[in-house]
Amino acid sequence: MKKNIYFIIAILALFFTVIISISVGAVKIPLQEIVNVFAKSGNQTNRTIILNLRLPRVIGSAVVGMGLSVVGVFFQGLLRNTMADPYVLGISSGAAFGATIAIILGLGLFGISFLAFISSLAVVIFVYIVSKTGPKISMHTMLLAGIAISAFISAIISLLMLLNHEEFNKIIFWTMGGFSLTNWNNIAFSAPIIVICCLIMYVFSRDLNAILTGEEIAEHLGVNTEMVKKIILVLGSLVTATTVSVGGVISFVGLIVPHISRIIVGPDNRILVPFSALSGAIFLTMADTLARFILRPTEIPIGIITAAFGGPFFLYLLIKSKRKSERM
């Protein structure tokens, strides 16, 4: 019953966050005018601003936040490490590298998304091979390999930026994140992929619960742990690559949201996954609103906002983990 209340609060919070995000911007639109626009009686200027500019980016930020948070839950579960997310594992950097190459080659949205997925999948395969010990996967090695390849790819992206001045601003967009270019075509392409992949991953929530008790126990319960790992890694990379194609690299969402959600609703992934999806949508929509509001009319890259929260939070987790190990 208590957890149902949390879900109701989260749904209401998402609703009000969406309304605020639609209202805030270079042109402030009052609530009554928002209602008029959706009732098809608002003036044409406000209709254009809301329906063609703000609503797509609000939906984009919500869907991306949902996707990254769900991936974060599953990756943290597989790695048994609350400090893991797509960014830490290097998948986001891999996707950003593919997007950077596509931008330099002058490819469109499909090309950017396709190369982002291929490069992120390549990172997954590389990290998987490096971390594989016999028939098993070393999750600790996977985490370290992800951090190392992320740093290496970031260096390559920086070099490509120096060598391609004419595409500098576009590459900056992908590496720092933002929804200023999000339109209905982006949403039509990305939202179904993210939502469907998240729903498929949710099917494995019970299996993830079993894996968290220990892989041997999970296998005795009938869970094919290696197959579950592979499916989650592939779906997680597809979700991450798709989010990059919409909003660029947005770090720490998959770190902060699952951890806080776990504190609120507990570790049962059957409940944690949908609650994290809602919380991620709220968090990133709020971050996008702040990115537009703080220095308006200038827009801050959303990656700066999420990193401002995520960096200190990551340090907090490190300190907490260190103190816990010292007590043991």
Practice task
Note down all Cβ pairs under 7 Å where the first residue falls in segment 174-197 and is closer than 23 Å to residue 50 by Cβ, the second is charged (D, E, K, R) and part of a helix (DSSP H, G or I), and they're at least six residues apart or on different chains.
Solution key: 179/57; 179/288; 182/57
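I'm checking my understanding of the structure. Among residues of segment 97-116 that are of a type outside the set (A, V, I, L, M) and modelled with pLDDT under 80, which one is surrounded by the most Cβ atoms within 10 Å (Cβ to Cβ)? Full working, then the answer.
Of all residues in segment 97-116, those of a type outside the set (A, V, I, L, M) come to 97-98, 100, 106, 108, 110-111, 113-114.
Those left that are additionally modelled with pLDDT under 80: 108, 110, 113.
Numbers: 108: 10, 110: 11, 113: 24.
Among residues in segment 97-116 that are of a type outside the set (A, V, I, L, M) and modelled with pLDDT under 80, the one surrounded by the most Cβ atoms within 10 Å (Cβ to Cβ) is 113.
Identify all residues within segment 225-281 that are of a type in the set (Val, Ile, Thr) and within 25 Å of residue 185 (Cβ to Cβ); write none if there are none.
Quick first cut of segment 225-281, residues of a type in the set (Val, Ile, Thr) only: 225, 228, 231-232, 234, 239-240, 242-244, 246, 249-250, 253, 256-257, 260, 263-265, 271, 273.
239, 240, 242, 243, 244, 246, 249, 250, 253 - these are the residues of segment 225-281 that are of a type in the set (Val, Ile, Thr) and within 25 Å of residue 185 (Cβ to Cβ).
Please verify whether residue 226 is within 21 Å of residue 304 (Cα to Cα), in contact (Cβ under 8 Å) with a residue 60 or more places away in the chain, among the acidic types (Asp, Glu) and surrounded by fewer than 20 Cβ atoms within 10 Å (Cβ to Cβ), treating the condition exactly as stated. Even if it seems obvious, please write down each step before you answer.
On the way: within 21 Å of residue 304 (Cα to Cα): no; in contact (Cβ under 8 Å) with a residue 60 or more places away in the chain: yes; among the acidic types (Asp, Glu): yes; surrounded by fewer than 20 Cβ atoms within 10 Å (Cβ to Cβ): yes.
So residue 226 fails the test.
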Completion exercise
Of (1) surrounded by fewer than 15 Cβ atoms within 10 Å (Cβ to Cβ); (2) touching a residue at least 40 places away in the same chain (Cβ under 8 Å); (3) in a helix (DSSP H, G or I), residue 5 fails just (2)
Handout entry: Hits in segment 243-262 (condition: part of a helix (DSSP H, G or I), at pLDDT 85 or above and of a type in the set (Val, Ile, Thr))
Key = 243, 253, 256, 257, 260
Problem - Filter pass, residue 92 being in a helix (DSSP H, G or I), under 30 Å from residue 126 (Cβ atoms) and at pLDDT below 85 - result: yes
Completion exercise
Residues in segment 15-34 that are in a helix (DSSP H, G or I), over 20 Å from residue 188 (Cα atoms) and within 30 Å of the chain's Cα centre (by Cα) total 9
Exercise for the section: Consider residue 312 carefully, then state whether it is modelled with pLDDT of 90 or more and either part of a loop (DSSP other than H, G, I, E, B) or within 25 Å of residue 90 (Cα to Cα) (or both). Expected result: no
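Would you confirm whether any residue within segment 64-83 is polar (S, T, N, Q), over 21 Å from residue 177 (Cα atoms) and free of Cβ contacts under 8 Å to residues at least 60 places away in the same chain? Working first, answer last.
Quick first cut of segment 64-83, residues polar (S, T, N, Q) only: 69, 76, 81-82.
Still in the list and also over 21 Å from residue 177 (Cα atoms): 76, 81-82.
From what's left, free of Cβ contacts under 8 Å to residues at least 60 places away in the same chain: none.
Scanning segment 64-83, I find no residue that is polar (S, T, N, Q), over 21 Å from residue 177 (Cα atoms) and free of Cβ contacts under 8 Å to residues at least 60 places away in the same chain, so the answer is no.
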Problem - Unmet criterion (only one of (1) under 19 Å from residue 74 (Cβ atoms); (2) in a helix (DSSP H, G or I)) for residue 267 - result: (2)
Problem - Criterion violated by residue 238 - all others in (1) buried (at least 17 other Cβ atoms within 10 Å of the Cβ); (2) in contact with a Gly (Cβ under 9 Å, 6 or more places away or on another chain); (3) part of a helix (DSSP H, G or I) satisfied - result: (2)
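So which of 150, 138, 180 is surrounded by fewer than 18 Cβ atoms within 10 Å (Cβ to Cβ), at pLDDT 80 or above and hydroxyl-bearing (Ser, Thr, Tyr)?
Details: 150 fails: surrounded by fewer than 18 Cβ atoms within 10 Å (Cβ to Cβ); 138 fails: at pLDDT 80 or above.
None of the other options fit; the residue is 180.
The values are calculated or read from the model by the stated rules, or taken from the named source; none is laboratory data. As the structure is a computational prediction, the values presented were derived from the model and not from experiment. All Cβ positions, even for glycine, are placed from backbone atoms using ideal geometry, and neighbour counts span all protein chains on display.
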